[in-house]
Amino acid sequence: MTPTSEERPRKKSAVNAARKAASLPSQPKPGKSTQPAWSTREWLLGLLLIGAVLLAYMPAWHAGYIWDDDVYVTQNRLLTAPDGLWRIWFTFDSPSQYFPLVYTTFRLEHALWGLAPLGYHLVNILLHGVNAVLLWRLLQRLRIPGAWLAAAIFALHPVQVESVAWVTELKNVQMGFFFLLSLLAWLRFTEDATRRAWWFYSLSLALYALALFSKTTACTMPAALLVIAWLRGERIGWRRVWEITPYLVLGIGMGLLTVFWERYHQGTHGQIFTMGPVDRLLIASRGVWFYLYKLLWPAKLTFSYPRWTISAADPLAYQWLLALCALGWAAWYARRYVGRSAWVALLFYVATLGPILGVFMLYTFRYTFVADHYQYLACIGPISLACAGLAKLRERWKMQPWAGPACSALLLGVLATLTWLQCDTYLNAETLWRATIARNPESWMAYNNLGHLLFDRGDTAGGIAEYNVSLGIKPNEEAYDNLGNAYLKEGRIQDAIAQYRLALQVNPVDADSYYNIGVVALQVGRYEDAIAQFQQALKLAPTLAKARCDLGNAFLHQGREDEAVAQYNEALRDDPDCTEALCNLGNNLFHQGRVTESIMEYNAALAIDPDYAPAHYNLGNALLAQGQAEAGLDQYRAALRSDPSLTEASNNLGDALLQQGRTEEAIAEFSAALRSNPNYVEAQNNLGKAYLVEGRRAEAIAAVRKALEMQPTNAEIENNLAWLLVSSPPDAGGDGATALKLATQANQSTGGTNPVILRTLAAAYAGAGQYPNALQTAGTALSLARAGTALANALNKDIKLYQAAQPFRQGN
């Protein structure tokens, strides 16, 4: 390599003079590197940095979870599954991109303090404080003036709040921790000419790998190593290039894995991924200026900024690119007067921002092209340059000794206050979305997420209103899908389908919309349509386990049992923690009479998610079928603790209690089911049965009559009401004529083959004085009933009454 004019050998005095003039750090002499122990003052300053961070972020101590914290932490089964650690590192089961070290840390935290948010927030805050200390140490090693002030600004600048107060962004602060440690180890390697140097090289490379395993944006490390070498006045020869090559290979490898993971495993797609290179360059250049502005003037920081409209055909769109080129030229030209620092700071800033500036499209760019947490490490460049400049100016102007610390304290106090206030945005999901809307009223994403929050709380009307505001700003498939779900909850099936189809007009490859239409079709019994919709969803998202489960359910309704089981097993291959698939397999076994095997599947689901209500409910059914009554009751109660709105559990619990003679408890459960779902016909009918057992005939008749109003063609309910009417005296609501009419209708509906309904019809004939019909009907019922059963014995008694021309006795 031919040396440039700056690299050609000069006299020692000339080199030193040049370094002094350029404010470059002097290059350490080769030999054994000495790492001086920290003085008491340095320890105190380091602790002061961490303490300041803890104080500035105090509001975040009491914060909860926001946006995708559920995916990463609260609903991430990999944190509790016995084989979770293996799957985090060596499978595609991670719910987002490949962040194995982040999920490993979350798994450890979950083992220590469960889902209490305080622990997760404190880890983020402490890591950020330690990062500030590491940055201070790094800048000291690089002999950059104002190192401590730069670290303090990095620690307390409000633009960092998004990275620290958001639990999910552990990936950012953890990546920063290993990134800075790797740089420090690299510096030790370059300064040490002994054999031990290669130990530091290996350590640096290992730490860099840990940074990549935390977040792929650490792939900019090779660029950082090059600019640091240039800053220190090194001649970057082939040896240094070969030393940096392993870092480059690791970074490129992780980058390619991330692209593959996001595009081909998660299936992210959309118009943004078809954007041309010129548009991407224009977005990137504007992004650099946006981030610089927020560093200089951190006002109106928000979770989601307005998304720019970029067009390569617009001449004004090039102003940011031209301005950036001018800034680069100015920094390069100024190196002969102020040294390489300005050029290095700009290079570090742009290179570290590079992966998220827009040259490589991210899925989140559909909401906004910029986010505060994207410049967590990149901001080190401008901050360090500014602090070094201030330190030089203070020396040149010969300020009073107290002036510098006083100005620094004032600046840091303002930044810490702004950080404190910004933390309030991240207290919980509602504060986040309302603050985002206040600062960016055009954020359709914020309105949509606020609506989803209200909908989950049970405020369906509030959720629908927010979804409509989101759609008014921009038609988007998320809001259409959510609006369809809200309509579906209200029973507005056609309106729900219309919303799902509008979602598909916005995004024809939206797998969730096809899935939602399939769910509606499944609910109304259009099984062929449901199968077609689920299959289309799976073409777009082959690992969508919920679609496979419901596809299996649709096959099961058609009697295609083998195909259903195949879909459940496929869902479990895609997602081994798919509790729904395990439950469906259990249900299939249960309906085949293989109760013991079904119990094994339900227990497997509960081993993954102990609070999965459907598994508790189905396990209760299976245990009751095996005669384990108390164990079954316990499972119904567990299901209701997990999901109080699971009315089937309340109904079955009541039915089991009724069979045990615990009538008052049964009535309480049926009533609870009806409070949750006033249109629950089965619970309404069962409530009538319970009242009859209690001897409360008038209430029983009223309850069953209401059930029949809900479902007028239900033969079982017609029979129950007919039995009540024929067996009750007129003063308790008895009505023989209506009983005969209802029993006749029920018998016709069932084809005259149900002995229970035939017994009711015989009693109705007897009540009307038609004893020959009563005897004939009772005889038919007896021939259908199994000999020796309670029903057969009752019919024999009834026949004796009718032979004696006596009506059915009240109370029988």
Consider Pro382 carefully, then state whether it is closer than 24 Å to Gln97 by Cβ, at pLDDT 85 or above and in contact with a helix residue (DSSP H, G or I) (Cβ under 9 Å, 6 or more places away or on another chain). no
Just to confirm my filter: which helices (runs of 4 or more DSSP H) fall fully inside region 704-812 and include at least 3 residues that are in contact (Cβ under 8 Å) with a residue 40 or more places away in the chain? 715-727, 755-767
Within region 165-182, identify whether any single residue is in contact with a Cys (Cβ under 6 Å, 6 or more places away or on another chain) and modelled with pLDDT of 95 or more, and answer yes or no. yes
If you take the residues of region 344-353 that are under 20 Å from Gly255 (Cβ atoms) and more than 27 Å from the chain's Cα centre (by Cα), which of them is surrounded by the fewest Cβ atoms within 10 Å (Cβ to Cβ)? Ala351
Could you name every one of the helices (runs of 4 or more DSSP H) located completely within region 563-638 that has at least 2 residues being of a type in the set (Val, Ile, Thr) and either surrounded by 16 or more Cβ atoms within 10 Å (Cβ to Cβ) or under 32 Å from the mean Cα position of the chain (by Cα) (or both)? 595-608
Single condition Glu466 does not satisfy, out of (1) closer than 30 Å to Arg526 by Cα; (2) surrounded by 14 or more Cβ atoms within 10 Å (Cβ to Cβ); (3) among the acidic types (Asp, Glu): (1)
Does Ala722 count as farther than 24 Å from Gly491 by Cβ and either crowded, with 24+ Cβ neighbours inside 10 Å or not assigned by TED's automatic domain parsing to the domain that holds Leu761 (or both)? yes
So for region 66-73 (the condition being assigned by TED's automatic domain parsing to the domain that holds Thr217, farther than 23 Å from Phe303 by Cα and part of a helix (DSSP H, G or I)), does at least one residue qualify? no
Inspect all residues belonging to region 689-696 and state whether any of them is at pLDDT 90 or above, part of a helix (DSSP H, G or I) and either surrounded by 24 or more Cβ atoms within 10 Å (Cβ to Cβ) or within 44 Å of the chain's Cα centre (by Cα) (or both). yes
Taking region 639-662 on its own, how many of its residues are under 25 Å from Asn679 (Cβ atoms) and either in a loop (DSSP other than H, G, I, E, B) or under 29 Å from the mean Cα position of the chain (by Cα) (or both)? 11
Filtered residue count, region 554-603, keeping only those that are within 23 Å of Gln535 (Cβ to Cβ) and in contact (Cβ under 8 Å) with a residue 60 or more places away in the chain: 2
Can you list residue pairs whose Cβ atoms sit under 7 Å apart, with the first residue in region 117-128 being closer than 13 Å to Ile66 by Cα and the second being surrounded by fewer than 22 Cβ atoms within 10 Å (Cβ to Cβ) and hydroxyl-bearing (Ser, Thr, Tyr)? Count only pairs 6 or more apart in sequence or on different chains. Pro117/Tyr65
Scanning region 659-688 residue by residue, the ones that are surrounded by fewer than 24 Cβ atoms within 10 Å (Cβ to Cβ) and either on the phi > 0 side of the Ramachandran plot or in contact with a Pro (Cβ under 9 Å, 6 or more places away or on another chain) (or both) total 3
From the list Ser285, Ser311, Ser304, Ser341, exactly one residue is surrounded by 15 or more Cβ atoms within 10 Å (Cβ to Cβ), assigned by TED's automatic domain parsing to the domain that holds Pro382 and modelled with pLDDT under 90. Which is it? Ser341
Output the number of the condition that Ala60 fails; it satisfies all remaining conditions of (1) among the small types (Gly, Ala, Ser); (2) surrounded by fewer than 20 Cβ atoms within 10 Å (Cβ to Cβ); (3) at pLDDT 95 or above. (2)
Residue identified as on the phi > 0 side of the Ramachandran plot and at pLDDT 85 or above among Ala805, Ala778, Ala774, Ala766: Ala805
Anything in region 289-340 that is within 23 Å of Leu390 (Cα to Cα), in a helix (DSSP H, G or I), in contact with a Leu (Cβ under 8 Å, 6 or more places away or on another chain) and not basic (Lys, Arg)? List them, or say none. Trp289, Tyr291, Leu327, Gly328, Ala331
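A quick yes/no check of all residues on (1) under 22 Å from Asn485 (Cα atoms); (2) assigned by TED's automatic domain parsing to the domain that holds Asn485; (3) among the acidic types (Asp, Glu):
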site	(1), (2), (3)
Asn516	yes, no, no
Gln523	yes, no, no
Leu538	yes, no, no
Ala541	yes, no, no
Ala554	yes, no, no
Asp574	no, no, yes
Glu580	yes, no, yes
Gly586	no, no, no
Show me the helices (runs of 4 or more DSSP H) entirely contained within region 79-185 in which 3 or more residues are within 17 Å of Cys379 (Cβ to Cβ) and not charged (D, E, K, R). 117-141, 147-156, 161-165
Among the residues of region 361-411 satisfying the criterion of being in a loop (DSSP other than H, G, I, E, B) and among the polar types (S, T, N, Q), which is nearest to the chain's Cα centre (by Cα)? Thr368
Anything in region 522-537 that is small (Gly, Ala, Ser) and either outside any loop (DSSP other than H, G, I, E, B) or closer than 20 Å to Leu471 by Cβ (or both)? List them, or say none. Ala530, Ala532, Ala537
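The values are calculated or read from the model by the stated rules, or taken from the named source; none is laboratory data. Everything numeric in this text was worked out from a predicted model, so none of it was measured. Every residue, glycine among them, receives a Cβ derived from its backbone with ideal geometry; neighbour counts consider all protein chains shown.
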